[in-house]
Amino acid sequence: MQQILIACGDVDLLRKIVSDLPEGKFKPIATKTGAGIAQKIAGRNVPVAIVHEELADGTAAQLCGQLRQQADGPNILWLSSDTPPAEGPFDRALKYPVPGPVFRNALGQLVDTSAGAQDLEKWRLFYRELNARLEPIEQQSYFQILGIPKDAPHHRLVKAYDLLSQRYHPDRYRQYRHEKWGKAIHEKATKLYKAMTEAYQVLADRKLRAAYEDAIKRGELRLSAEDQAGKDTGPKSLVDIGETAASKKFLKLAQSDIAGQNLTSALQNLKFAKSMEPNNTAIADKIAEIEQKLGG
């Protein structure tokens, strides 16, 4: 029987989640709060976690972020009382309550990662694709890594990175990590995506890109630490208070939500961004600002 983490702040709702589980398949680890839970289940071979957005201590996003950062962390099913977010530090999102079969189908997609011969051949081809991209990467410039010309404008850089992320982001392959072939693919995708993100972060920054173009002329494919110290400082928008590509993705969504006066959704995306950067005080301050507006 597999262990499964169920985090839900409402006791009645938690009981319903437990009752909706496939009979005899899971041994629930139930909690109403999220603080410290990720550390408690680390190394306990918990393949799946169900996290409801409303925990008693308000740490649902943080819990997902912490689980996401674990090397062998569980696949995550995020439950929302209303329309679930399209993106987040989870594998699937679902409005809950729903009919039992709908819930079990969503859960089953995170648990059943077995593959037939035809599927395995598809993954073999993808594994070779990852290797083909990784093999020459140390001899490639940031432009070559992203597949854009040296004079590509910023909007083309963003589009190229977004398209590459859709195919190679390691989160797309997390749910297969408990299979030997899946773990190998996830590790390769993580390595490739890290290189792509480094390239994007340098080229997306005005001063770093200028410094890198000078480095290219000297025959250098990577920036020195001294060159990278010249990065622009001072956030110009909400997105700029993030320090990583993962947090910036949710800050961009939050910025759009704020522009559209959807503060509830903005708050959720800010919390997702904070889960990616737990020590970012600027994001914490923005969360407090939005919470104050919603409370007022």
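The values are calculated or read from the model by the stated rules, or taken from the named source; none is laboratory data. What you are looking at is a predicted structure, and each value in this text was computed from that prediction instead of being measured. Neighbour counts are summed over all protein chains in view; Cβ atoms, including those assigned to glycine, are modelled from backbone coordinates with ideal geometry. Surface areas here come from the heavy atoms of the whole protein model, side chains and all, with no ligands, DNA or RNA. Shrake-Rupley method; radii C 1.70, N 1.55, O 1.52, S 1.80 Å.
Assorted remarks:
- Screening segment 273-286 for residues that are under 19 Å from the mean Cα position of the chain (by Cα) and either closer than 16 Å to GLY88 by Cβ or of a type in the set (A, V, I, L, M, F, W, C) (or both) and picking the one that is surrounded by the most Cβ atoms within 10 Å (Cβ to Cβ) gives ALA273.
- From ALA199, ALA160, ALA211, residue being under 30 Å from ASP119 (Cα atoms) and aliphatic (A, V, I, L, M): ALA160
- Of everything listed in (1) modelled with pLDDT under 90; (2) surrounded by 15 or more Cβ atoms within 10 Å (Cβ to Cβ); (3) part of a helix (DSSP H, G or I), the single unmet condition for LYS293 is (2).
- Counting only residues that are β-branched (Val, Ile, Thr), surrounded by 17 or more Cβ atoms within 10 Å (Cβ to Cβ) and not in a loop (DSSP other than H, G, I, E, B), segment 121-168 holds 1 of them.
- Residue match in segment 71-93 (condition: charged (D, E, K, R), under 21 Å from SER265 (Cβ atoms), touching a Ser or Thr at 6+ places or on another chain (Cβ under 7 Å) and in a loop (DSSP other than H, G, I, E, B)): no
- Taken together, the residues in segment 145-189 that are under 21 Å from GLU135 (Cα atoms) and either of a type outside the set (Ser, Thr, Tyr) or in contact (Cβ under 8 Å) with a residue 24 or more places away in the chain (or both) amount to 24.
- Some residue of segment 170-186 being open to solvent by less than 30 Å² (accessible area, probe 1.4 Å), farther than 20 Å from GLY242 by Cα and outside any helix (DSSP H, G or I): yes
- Complete set of residues in segment 46-98 that are touching a Gly at 6+ places or on another chain (Cβ under 9 Å), among the small types (Gly, Ala, Ser) and without any contact (Cβ under 8 Å) to a residue 60 or more places away in the chain: ALA49, ALA56, GLY58
- Among the conditions (1) within 14 Å of GLU87 (Cα to Cα); (2) touching a Lys or Arg at 6+ places or on another chain (Cβ under 9 Å); (3) among the charged types (D, E, K, R), LYS271 misses just one, which is (2).
- All positions within segment 1-31 that are assigned to a loop (DSSP other than H, G, I, E, B) and either among the acidic types (Asp, Glu) or in contact with a Lys or Arg (Cβ under 8 Å, 6 or more places away or on another chain) (or both): MET1, CYS8, GLY9, ASP10, LEU21, PRO22, GLU23
Yes/no matrix, rows are residues, columns are (1) open to solvent by 40 Å² or more (accessible area, probe 1.4 Å); (2) outside any helix (DSSP H, G or I); (3) among the charged types (D, E, K, R); (4) modelled with pLDDT under 85:
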| position | (1), (2), (3), (4) |
| --- | --- |
| TYR200 | yes, no, no, no |
| THR233 | yes, yes, no, yes |
| SER247 | no, no, no, no |
| GLN268 | no, no, no, no |
| LYS271 | yes, no, yes, no |
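- The number of residues in segment 63-87 that are out of contact with any Cys (no Cβ under 6 Å at 6 or more places or on another chain) and open to solvent by less than 10 Å² (accessible area, probe 1.4 Å) comes to 11.
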